[in-house]
1. Give me the extension gain from ASP66 to GLN151: residue separation times 0.36 nm, minus the current Cα-Cα distance, reported in nm with one decimal.
2. Straight-line reach only, C-alpha to C-alpha below 24 angstrom: list the lysines that LYS13 could link to, leaving out same-chain residues fewer than 8 apart.
3. At ASP175 and ALA190, where each label point lies 7 Å from the Cα along Cα→Cβ, what is the point-to-point distance in nanometres?
4. Amide H of MET41 versus every other amide H placed in the peptide plane: which residues, excluding those fewer than 5 positions away on the same chain, fall under 5 Å?
5. Cut-off is 10 Å between beta-carbons; in what order do MET181, MET16 appear when sorted fewest neighbours first?
6. Given the rule -39500 (n - 2.57) for each run of at least 4 DSSP H residues, summed and divided by the residues of the chain, what is its mean residue ellipticity at 222 nm, to the nearest 500 deg cm²/dmol?
7. Which value in nm describes the separation of the simple spin-label points at LYS224 and THR73, placed 7 Å from the Cα toward the beta carbon?
8. Could you give each residue of the range 216-228 its phi-based ³J(HN,Hα) in whole Hz, using Karplus coefficients 6.51, -1.76, 1.60 with θ = phi - 60°, and x for Gly or Pro?
Amino acid sequence: MDRILYTAMSGAKQSMDQQAVVSHNLSNVSTNGFRAQLHAMRAVPVQGDGALPTRVSVAATTPGSDFSPGPITHTGRELDVAVEGNAWLAVQADDGSEAYTRRGDLQIDGDGLVTIMGRPVIGDGGPIIVPLGSSVSVGADGTLSAIGEGQGPEALVDVGRLKLVTPQQNLLRGDDGLFRMPPNAEGEVAALEADEEARLASGALEGSNVSAVEAMVAMIDVAKRYEMQMKAISTADENAQRANNLLSIQG
């Protein structure tokens, strides 16, 4: 009976992990620029000196993210930007490194620092700072232009340019929700060069690429699968108890 238990037990454990991934995706269905996390499971033989070739377990993997674009919503807000194509916005992570996001709801804090989710947005020379009280607009190439408070259109000046990058391979999601390049052979994560050809649309935001309907269906499917695996464990235990009872009968 242990063969049933190996498969059902490991399958139930990994189904719980898959449910966590699905729940995370569903909770971010309205998060701008969010990329759905992918999940897969596979059967693997049990390793070890005493392992039998008939024993297998289930291993779960997170192969990456779904990089398909999300829907574009026109907001009319000048500091909202939707990155076009495969380009990404560069931001400064909490550890000071460069990371990337598709979320485009730019904010300006009390010091004039341009941020996304509280993280500084990186420009040509580092974090971008705009004059306090100025009216800021974003061009299609990521250039930020500002007009000082009380000044006319003739006072329009460029105050920085958003760093847009176009990676040639899939990025890796970090624990902070930001994306980075895979580490090289030395374990270092390199920053991407700015893509001068990348473009964005101002006054619009890209939504999450998570489908609420598909996520709900997946959640129900995983819950049913977990229930089936627990039933298999219960059945295997009952069969083992019956076998023990038969072997303990005194002749």
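Only the coordinates and a few stated rules stand behind these numbers; no lab work does. Computed from a prediction, not measured in an experiment: that's the story for all the values here. Positions of Cβ are backbone-derived with ideal geometry, glycine not excepted, and every protein chain shown enters the neighbour counts.
1. Details: separation 85, 0.36 × 85 = 30.60 nm, distance 4.51 nm.
So the chain would gain 26.1 nm between ASP66 and GLN151.
2. LYS224, LYS231
3. So the two model labels end up 2.7 nm from each other.
4. THR61
5. Numbers: MET181 20, MET16 13.
The fewest-first ordering by Cβ neighbours comes to MET16, MET181.
6. On the way: 2 runs with 62 residues, N = 251.
Value at 222 nm, helices only: -9000 deg cm²/dmol.
7. Roughly 3.1 nm, to one decimal.
8. Taking θ as phi minus 60°, the curve returns 5, 4, 5, 5, 5, 4, 5, 5, 5, 5, 4, 4, 5 Hz for the range 216-228.
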